[in-house]
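S.K.: Let me give you the structure first, and then I'll get to my questions.
Laboratory data are not the source of any read-out in this text; all were calculated from the coordinates shown. Note that this is a predicted model, so its numbers are computed, not measured. No Cβ is skipped: glycine too gets one built from the backbone with ideal geometry, and neighbour counts run over all protein chains shown.
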Amino acid sequence: MSDTFELHSSIWREEPQAENPFTAERCFAYGYDVYGDVLPKSSWPEYLLLLFTGERPTAEAAMLLEKLAIALANPGPREPSVRAAMNGGVGGSVDAASLIAALAVGAGQYGGSHEVYLLVETWNRLGADLDGWKRYLAQPNQGYREDVWSPIEHAPGFDPHGVHCAKPVLQSLTFLAEVSPGSALAWLCVHRSELEHQCGLPLAMSAVAAAAFQDLGLSGSQAIMLYLMLRLPGAAVHALEQEKLGWKRFPAYGPAIHLSDDPGALGTPDVSRFEL
């Protein structure tokens, strides 16, 4: 019986060194020499799209992904996944734990990657059918089957607590629609107000991201992966910042914090107060 094994992958191929079979001499992604050709000649968005789609992307697709990455890079400290990373940083967790916290919280269906998944799958099913979208947004759980995910509590892609569409969302949607090689972002631009009226809620960044992924020809599962990845830079830098600032300066709602065993009452330094 042979001690060798084969790893089956259509994505990656390696040529081993002659003197050391455990080290690669050359690496190929879908036939492209990664370190000989891709590294000196391609951009990060081009390489990402090659890995995810298996094809060399157009310049327009690469630009759309690059600009989407900027729009998603830092959702800001108000966003739950970033706050999760900040909690890890200020609490003294190892740095990797902060990123894991951001991934866990950001994977849900309140502005998270599962919400993006639902939207991309709906794009694949409905396309530009406006009436179909209106019916879906009115009853997003129609046909729901018991799963690890609970029924969604709001129209996917819309802010359940919003009053009007946030300016960064509008700016992102408008610009990305202008540079996109596809039609989903442009369609969303045209029908945004009508869809918002249908939901009674403003459009959220998750809808913009989903339309961009649709224009890039990505599946729902591919969109999940990229959405999580592209939002990690903001989680990382905010976690590192809070780690340096310390828990006394962490933004918490001070009046809502009540200590049942306040060390200040025992004559020790009062550490129950947070600077806001």
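S.K.: Kindly provide the pair-distance distribution of the stretch 1-152 built from C-alpha pairs, with 5 Å bins from 0 and whole-percent values in order of increasing distance.
M.R.: Over the stretch 1-152, the share of Cα pairs per 5 Å bin runs 2, 7, 10, 12, 12, 14, 16, 13, 8, 5, 2, 1, 0 percent.
S.K.: Within 10 Å of each candidate Cβ there may be at most 15 other Cβ atoms; applying that plus a DSSP loop requirement, which GluC sites (Glu not before Pro) in the stretch 1-93 survive? Walk me through the numbers before you get to the answer.
M.R.: Details: sites: E6, E14, E19, E25, E46, E55, E60, E66; in loops: E6, E19, E55.
Passing sites in the stretch 1-93 are E6, E19, E55.
S.K.: Can you give me the Cα centroid spacing of the stretch 169-204 and the stretch 57-74 in angstrom?
M.R.: If we compute the Cα centre of each part, the gap is 17 Å.
S.K.: Tell me, what HN-Hα J-couplings in whole Hz come from the Karplus equation 6.51 cos²θ - 1.76 cosθ + 1.60 at θ = phi - 60° for each residue of the stretch 149-155, using x for Gly and Pro?
M.R.: These are the phi-based 3J(HN,Hα) values: 9, 6, x, 6, 9, 8, 5 Hz.
S.K.: What residues qualify as long-range amide H neighbours of W12, i.e. H under 5 Å apart, gap of 5 or more or another chain, H built at 1.01 Å from N?
M.R.: Counting only residues 5 or more places away or on other chains, the set is Y30.
S.K.: For the stretch 12-57, just list the percent of Cα-Cα distances falling in each 5 Å bin from zero outward, please.
M.R.: Histogramming the stretch 12-57 at 5 Å steps yields 5, 23, 28, 20, 11, 8, 3, 0 percent.
S.K.: What length, rounded to one decimal in nm, is gained on full extension from D95 through to D129, with 0.36 nm per residue of separation minus their alpha-carbon distance? Let's see the in-between values first.
M.R.: Details: separation 34, 0.36 × 34 = 12.24 nm, distance 4.47 nm.
Taking D95 through D129 to full extension adds about 7.8 nm, to one decimal.
S.K.: If you don't mind, another one. Could you tell me which trypsin sites (Lys or Arg not before Pro) in the stretch 1-85 are loop residues by DSSP with no more than 13 other beta carbons within 10 angstrom of their beta carbon? Intermediate results must be reported in sequence, preceding the final value.
M.R.: On the way: sites: R13, R26, K41, K67, R78, R83; in loops: R78.
Taking the stretch 1-85 and a limit of 13 other Cβ atoms within 10 Å, the loop trypsin sites (Lys or Arg not before Pro) found are R78.
S.K.: When the gyration tensor of the stretch 162-231 is built from Cα positions, what are the square roots of 5 times its three eigenvalues, in whole Å, from largest to smallest?
M.R.: Values: eigenvalues 80, 38, 25 Å².
Three semi-axes, in Å: 20, 14, 11.
S.K.: Taking 2.2 N^0.38 Å as the expected size of a compact globular protein, what ratio does the Cα radius of gyration of the stretch 69-183 give against it, to two decimals?
M.R.: On the way: Rg = 16.4 Å, N = 115, 2.2 N^0.38 = 13.4 Å.
Compactness ratio reported: 1.23.
S.K.: Next up: List the residues whose amide H sits under 5 Å from the amide H of F158, counting only those 5 or more places along or on another chain, with H placed 1.01 Å from N in the peptide plane.
M.R.: It is A204, by chain and number.
S.K.: What is the pair-distance distribution P(r) of the chain, computed from all Cα-Cα distances in 10 Å bins starting at 0, with each bin given as a whole percent?
M.R.: Percent of Cα pairs in each bin: 6, 23, 27, 22, 14, 6, 2, 0.
S.K.: Quick check on my link table: of K134/K167; K167/K244; K41/K167, which ones sit more than 28 Å apart, alpha carbon to alpha carbon?
M.R.: K167/K244; K41/K167
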